[in-house]
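Single-structure report; data block below.
The values are calculated or read from the model by the stated rules, or taken from the named source; none is laboratory data. What you are looking at is a predicted structure, and each value in this text was computed from that prediction instead of being measured. All Cβ positions, glycine included, derive from the backbone under ideal geometry; neighbour counts span all protein chains shown.
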Amino acid sequence: MIQQGDIIPDGTLQYVPYTPNEDLKACPLPQPFKIHENLKGKRAVIFAIPGPFTPACSETHVPGFLHSYDALRAKGVDTVICLSVTDGFVMNAFGKVSGVKDKILMAGDGSAIFTKALGLDQDLTKNNMGIRSKRFAIVIDDLKVSYVGVEQVRGVTVSGAEAVLAKL
Amino acid sequence: MTVQVGDTIPDVSLTYVPYNPDESLQACPVPIPYNLHKELKGKKAVIVAVPGAFTPTCSLQHIPGFVEKADELKKKGVDVILGTAVNDGFVMNAWAKTLGTKDKVILASEGGSGFYEKLGLTQDLTARGMGIRSKRFALIVDDLKVTYVGVETTPDLTVSGVDDVLAAL
């Protein structure tokens, strides 16, 4: 499992760059987002949700980061990424429904490769959801992990925006 | 083995969120099981599979075609129109609300039931960051027996679209 002090593994996620007023039904092709190439030299928060359009993810975790966006920026965060084991099309739709605009980059790890490289996958087959990520938040500074918060309980505590802000 | 005309459809449970006209786009009710044999016994059904919710052909042409011509399908004796994909029931419900399927087409998740594996109709889209998906296809099922199989082999809708199904009924 990824630890504080580690260099974050490299990986390629899929995302649709933000377009203002993109129709809810529009489905542009996702593009690759390479972790190392895009986050080198930056301060980034990567928070992961088990599933878009699910209760805690939609009602608490994502909104928490949306509301704390300005506070995170004030503490030097360049990029906030929301990650899930699903494809870039679904993450884009979820981003539009959640109203994240250009504040949170909604990225899909559709084949779970990056999530597994972090050691933060979980098997939700019994919930009819297959392999997913755990709920977590990671802060990286020039690709070095400075905080890892992996949720052990239902709900959002160490993986939420407030916990991340407290560590910055 | 790929599913053939004359086969009985697999006895599996998909998952779905039943249609609620007052449900907001942001609401995320927990999906419930949709047992194929229980729900489709004695009925005529169309089962459509798409590789992914919120993807271009699926959203812009394939599923909307079935929503638009749902009444024509009903006139030809179809009781249930099921749209399916590997995406979970939460995602399928959000997609249903985006597309406005209402009560005309049920959008259900394969739910890890192995439905597509049993039909022999999976495809590996790992290289595109999408994992294992279903092929694009349409089945007509009469009292659990398959009477039509249309599996797309090109990116277009040629055998699995609503017009192809209407012609086969």
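List of remarks:
- From the options A:Ala56, A:Ala44, residue that is more than 10 Å from chain B (Cβ to nearest Cβ) and either closer than 29 Å to A:Arg154 by Cα or among the basic types (Lys, Arg) (or both): A:Ala44
- Against the list (1) modelled with pLDDT of 95 or more; (2) outside any loop (DSSP other than H, G, I, E, B); (3) surrounded by fewer than 23 Cβ atoms within 10 Å (Cβ to Cβ), the condition B:Pro18 fails is (2).
- Boolean, B:Lys76 is over 23 Å from A:Asn127 (Cα atoms) and of a type outside the set (Asp, Glu): yes
- Under the condition of being among the hydrophobic types (A, V, I, L, M, F, W, C) and part of a loop (DSSP other than H, G, I, E, B), the residues counted in the stretch B:111-143 number 3.
- Enumeration of residues in the stretch A:4-18 that are exposed (fewer than 13 other Cβ atoms within 10 Å of the Cβ) and either within 10 Å of chain B (Cβ to nearest Cβ) or more than 18 Å from the chain's Cα centre (by Cα) (or both): A:Gly5
- Positions within the stretch B:124-155 being surrounded by fewer than 20 Cβ atoms within 10 Å (Cβ to Cβ), in contact (Cβ under 8 Å) with a residue 24 or more places away in the chain and out of contact with any Asp or Glu (no Cβ under 9 Å at 6 or more places or on another chain), in sequence order: B:Asp142, B:Asp143, B:Thr147, B:Val151, B:Pro155
- Scope the stretch A:137-152; condition β-branched (Val, Ile, Thr) and closer than 21 Å to A:His67 by Cβ; matching residues: A:Ile138, A:Val139
- Selection within the stretch B:111-154: residues that are of a type in the set (Val, Ile, Thr) and closer than 26 Å to B:Leu169 by Cβ. The member of this set that is nearest to the other protein chains (Cβ to nearest Cβ) is B:Thr154.
- A:Asp109 being under 22 Å from B:Asp124 (Cα atoms), of a type in the set (Asp, Glu), crowded, with 16+ Cβ neighbours inside 10 Å and touching a Ser or Thr at 6+ places or on another chain (Cβ under 6 Å): yes
- Hits in the stretch A:109-154 (condition: in a helix (DSSP H, G or I) and either touching an Asp or Glu at 6+ places or on another chain (Cβ under 7 Å) or basic (Lys, Arg) (or both)): A:Thr115, A:Lys116, A:Lys126
- Scanning the stretch A:18-73 for residues being in contact (Cβ under 8 Å) with a residue 60 or more places away in the chain, small (Gly, Ala, Ser) and assigned to a helix (DSSP H, G or I) gives a total of 3.
- Among the numbered conditions (1) small (Gly, Ala, Ser); (2) facing another protein chain (nearest Cβ under 8 Å); (3) in contact with a helix residue (DSSP H, G or I) (Cβ under 8 Å, 6 or more places away or on another chain); (4) surrounded by fewer than 21 Cβ atoms within 10 Å (Cβ to Cβ), the only one that A:Ala93 does not meet is (4).
- Out of A:Leu83, A:Leu72, sole residue that is modelled with pLDDT of 95 or more and under 13 Å from the mean Cα position of the chain (by Cα): A:Leu83
- Every residue from the stretch B:45-86 that is away from every other protein chain (no Cβ under 14 Å) and aliphatic (A, V, I, L, M): B:Ala45, B:Val46, B:Ile47, B:Val48, B:Ala49, B:Ala70, B:Leu73, B:Val78, B:Val80, B:Ile81, B:Leu82
- Residue among A:Thr157, A:Thr86 that alone is assigned to a loop (DSSP other than H, G, I, E, B) and more than 14 Å from every other protein chain (Cβ to nearest Cβ): A:Thr157
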